[in-house]
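Heads up, the thing below is written out as structure tokens.
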Amino acid sequence: MISHPFDAEPTWLNGQLLIAMPGMRDPRFGRTVLYICTHSADGAMGLVINRAFGEIRFADLMNQLGIEGSSDQDRPVHFGGPVDSSRGFVLHSADFRADQTLIIDDKVALTATKDILQAIAEGQGPDNAIFALGYAKWFAGQLDSEIQDNVWLNAPADIELIFDRELDTKWARAIGQLGFDPAMLSGDAGHA
């Protein structure tokens, strides 16, 4: 939990971006941008939104699942994170809702059922969507500690940045939205 001395309540990062600092030591997360789906006293879960899962395309995945359709299947499949890479998630605009959809805020939702893939294939899905394999997970207090140790920056989510398909520049653009030049950031933690 992120808190400040004058905060009455903890500040959770649901619906915000995590941006890896330049000094990130874990190669799985170097230069990544994550969207935080859930964050509470129990831990956090998020999806990497700027890294493709190899050369797999959405159309390939749909074919493997036996889902036919023609709606924009050239989109990349994202590396959502190192946990359970066989599990798929669709991070999408909140204009689509199914029984199992987690509404994160008024703009973004998360669905992890095959129904949304069928809807996308039929052109009935959300206006914007990212399909990711795997996810990132933090145990209670772990993410908060990493932020204090200068591993991550957090920022408000920008809907255009989240769903933009230009993955290679997303990290620099996310930092740029905070008003920083990535070259000016240090990976070293400073404590007073």
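Throughout, read-outs are computed from the coordinates displayed, never taken from laboratory work. Note that this is a predicted model, so its numbers are computed, not measured. Ideal geometry is used to build each Cβ from the backbone, glycine not excepted, and the neighbour counts take in all protein chains shown.
Annotations for the structure displayed:
- Among L18, L47, L161, the largest mean-square fluctuation in a Gaussian network model of the chain, built with springs joining Cα atoms closer than 10 Å, belongs to L161.
- Take every pair of alpha-carbon atoms less than 8 Å apart whose residues are at least six positions apart; their mean separation over the length of segment 16-184 yields a relative contact order of 29 percent.
- For M21, the residues 5 or more places off, or on other chains, whose built amide H falls under 5 Å of its own are W152, L153.
- Per-residue HN-Hα couplings for segment 31-36 [Karplus 6.51, -1.76, 1.60; θ = phi - 60°; Hz; x = Gly/Pro]: 6, 9, 10, 10, 9, 8
- Ranked by the mean number of other Cβ atoms within 10 Å of their residues, highest first, the peptides 54-66, 31-43, 85-97 come out as 31-43, 85-97, 54-66.
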